[in-house]
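The values are calculated or read from the model by the stated rules, or taken from the named source; none is laboratory data. Please read all numbers here as calculations on a predicted model, not as lab measurements. All Cβ positions, even for glycine, are placed from backbone atoms using ideal geometry, and neighbour counts span all protein chains on display. Each accessible area value is taken on the protein alone, full model and side chains, heavy atoms only, with ligands, DNA and RNA left out. Shrake-Rupley method; radii C 1.70, N 1.55, O 1.52, S 1.80 Å.
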Amino acid sequence: MNAADLPPPDWPNAANSQIIAAKPHRWHVQVMGAGPDILLLHGAGASSHSWAGLIPDLARDHRVIALDLPGHGWTRSPKGRARLGDVARDIAGLCEQQGWSPRLVIGHSAGGAVSLELAHQGLISAAHLVIINGALENFQGTAGWLFPVMAKMLALNPFTGLLIAQGGRGVAQVRAILTSAGTTLDEVGLARYAHLIGRRAHVDGTLAMMAQWSLDALNAALPSITTPTLFIHGENDAAVPSRVAERAAQIMPHAKLIILPGIGHLAHEEAPARVLAEIRHFIAAT
């Protein structure tokens, strides 16, 4: 293993990083703390770094497992293995191989969809789910057919990832992207995303996930998911409107919704203390 296989030394919780081979992936995973297992699943385009504001508190009384999704961050994955069902099954396989038994799964954005898919397929036995700004709908309107087609074209073009990575290195570009999602991060947070999109493999992995993403079956299955679920959603989220969480919470039998005023798409990064308080309260009350 060389240095390129792992995050840089100044990456959040880099001392806890490890690479685990569990077919068909080489997973980048960070494991911290002791106690009941918590599994953290980040959103598309992010990595395990996005949980930096939550991990120290959660690791006080839990074993916290934060992984990079297939093709993201420092997880290496084969092409064509980013469909929702495949991602859920592969994560479950990793957990089984390592002897992890998540009692709580926390997912952000696309990671929220994976969390619900894990429960729907019966791949985990979690007592609670927390979905933060969950991306649970396909693109609407013109974007419903145009964006997935573009993503598939980009994912198949071997030069696209490099071009996007080179063009998106600057913090200014990252700030513009996140601002469009209603999110405000400090300079450190912006620099971490700039580092990620400067990596061709990460960009290619993100595009591959977008190209294969479909949520129709999961949405149809939401009423059958009985695991107690907390939806936390930033009121200012311009990427995933709050009505998405409202609908899911209404049709799931044991779900509730908390709206955070003044917060955007990256609620757990923008307001980690507020998100932690809601999670702790939810676990204690159910």
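Computed quantities for the displayed model
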{"quantity": "Amide H partners (placed H, <5 Å) of ILE258, local residues excluded", "calculated": "PHE231, ILE232, HIS233"}
{"quantity": "Sum of -39500 (n - 2.57) over DSSP H runs of 4+, divided by residues of the chain (222 nm, nearest 500)", "calculated": "-12500 deg cm²/dmol"}
{"quantity": "3J(HN,Hα) from dihedral phi, the stretch 5-13, Karplus parametrisation 6.51/-1.76/1.60, rounded to Hz, x for glycine, proline", "calculated": "6, 10, x, x, x, 8, 5, x, 6"}
{"quantity": "³J(HN,Hα) computed for each position of the stretch 216-222 - Karplus, 6.51 cos²θ - 1.76 cosθ + 1.60, integer Hz, glycine/proline x", "calculated": "4, 5, 5, 4, 5, 8, 3"}
{"quantity": "Other-chain or far-sequence residues with amide H under 5 Å of HIS25's (modelled H)", "calculated": "none"}
{"quantity": "Chain lengthening between ALA14 and THR286 when straightened (0.36 nm per residue, less Cα-Cα)", "calculated": "94.6 nm"}
{"quantity": "Among ALA271, PHE282, LEU260 - extreme Cα towards positive end, dipole of the stretch 232-286, charges at beta-carbon", "calculated": "PHE282"}
{"quantity": "Relative contact order for the stretch 42-91, counting Cα pairs under 8 Å that sit 6 or more residues apart, in percent", "calculated": "32"}
{"quantity": "Structure-derived semi-axes √(5λ) of the Cα gyration tensor in Å - corresponding label in (i) 38, 24, 19; (ii) 47, 25, 15; (iii) 25, 22, 20", "calculated": "(iii)"}
{"quantity": "THR184 long-range amide H proximity, modeled H, under 5 Å", "calculated": "GLY264"}
{"quantity": "Rounded percent of accessible protein surface that carbon and sulfur make up, the chain, 1.4 Å probe", "calculated": "57"}
{"quantity": "Net charge dipole size for the chain [Lys, Arg +1 and Asp, Glu -1 on Cβ; Debye, nearest 20]", "calculated": "500"}
{"quantity": "Mean separation of Cα contacts under 8 Å, 6 or more apart, over the residue count of the chain: relative contact order %", "calculated": "18"}
{"quantity": "Translational D in µm²/s for the stretch 202-286 (Stokes-Einstein at 25 °C, 0.890 mPa s, Kirkwood Rh from C-alpha pairs)", "calculated": "171"}
{"quantity": "Fluctuation leader among ALA135, ALA46, ALA194 - the chain, Gaussian network, Cα springs under 10 angstrom", "calculated": "ALA194"}
{"quantity": "Inter-centroid distance (Cα atoms) of the stretch 65-107 relative to the stretch 1-64, Å", "calculated": "12"}
